Each structure stands twice: as structure tokens, then as C-alpha cells.
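Please treat every number below as a calculation from the coordinates, not as lab data. Since this is a predicted model, take the numbers as computed values, not measurements. Don't worry about glycine lacking a Cβ; one is built from the backbone with ideal geometry, like all the others, and counts go over all protein chains shown.
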Amino acid sequence: MALIQVSCSHCSETWDVSKTKRGGHVNCPACGVLVPVKGTSDSKLFYGLLILGVPLTLIVLIVGGAVLFFLYWSFMRLINP
Ligand SMILES: [Zn+2]
């Protein structure tokens, strides 16, 4: 599993934590102070993708629906003028 380095702001102890702790907090092994872990957590990334992905999916559905409707309409005009 990938590790990232964390530095304690209180006693300048440096240690490695699992990448899954990104965006969260860990306790310093030397002095016990709660230290924030740099980086964005995977859940934040997931929600970011969700926020970006939902409107994009809607646009694709609307445009795709319009194109399909136009094709259907053209076809109906062709066979039944
Ligand atoms: Zn410390």
C-alpha cells in the first residue's frame, strides 16, 4: 500500500501513514498531537467527480435524446410525407 509522509507541527517528528488517511487526521507517534494529513481524501475526489459527472451525463442524455428524436422525425417524414 502506498504511503505518504507526515510531519508533526508540534515536535517535528516525521513518519509515514497510509494514503487512505489523506485529508484526515492522525496522532503523532511521539507526542500524540493530532496532525492533519495533506492531500485530498478519496471520498472528496469521488464527490467531485459526482458533481462534475451528473451534469455531464444529463447533457449527454439530452443531446443524445434530441439527436434520436430528430432522426426519428426525419425518418417519419421520409416514409410518410
Ligand atoms: Zn509530535
Practice task
Give the residue that is nearest to the ligand (Cβ to nearest atom), with candidates limited to residues of region 1-13 that are assigned to a strand (DSSP E or B) and of a type in the set (S, T, N, Q).
Solution key: S7
Completion exercise
Filtering region 5-22 down to residues that are over 16 Å from S43 (Cβ atoms) and in contact with a strand residue (DSSP E or B) (Cβ under 7 Å, 6 or more places away or on another chain) yields Q5, V6, S7, C8, S9, T14, W15, D16, V17
